[in-house]
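Accompanying notes for the structure given below.
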Amino acid sequence: MHPVAKRQRLEVLIGVLGFFTVMAFIAAVAEVVRGDPGVTPALVLLGCLVLSGLAVVARNRVH
């Protein structure tokens, strides 16, 4: 696969993961504000953040 195409695909993945990360953050904050914080929204947010970070690292490695 051409490096430019791979980089573009990773950028699209970063955008999609970024959207879901923002949604997970809003859900986690909403639960805290309601006074019913749970582990699940925090774990989903953590997973989104980790995947986003890995995608950014992978994009930076592509020349």
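Could you work out [θ]222 nm for the chain from helices alone, using -39500 (n - 2.57) per DSSP H run of at least four and dividing by all its residues? Round to the nearest 500 deg cm²/dmol. Each step should come with its number before you reach the end.
Working: 2 runs with 55 residues, N = 63.
Rounded to the nearest 500, the figure is -31500 deg cm²/dmol.
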message: Could you work out how much longer the chain between Glu11 and Val29 gets when fully extended? Use 0.36 nm per residue separation minus the Cα distance between them, nm to one decimal.
response: 3.8 nm
- prompt: What is the distance, in nm, between label points placed 7 Å from the Cα along the Cα-to-Cβ direction at Ala58 and at Met1?
  reply: 0.7 nm
statement: Percent of all Cα-Cα pairs per 10 Å bin for the chain, counting from 0 up to the last occupied bin, reads 23, 39, 22, 12, 3
statement: Ranked by GNM mean-square fluctuation in the chain (Cα springs under 10 Å), the top entry among Gly15, Gly35, Gly53 is Gly35
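No lab work stands behind these numbers, since they all come straight from the coordinates. Treat the numbers as computed from the prediction; the structure is a model and nothing was measured. Heads up, the Cβs are rebuilt from the backbone with ideal geometry, glycines too, and the neighbour counts pull from every protein chain shown.
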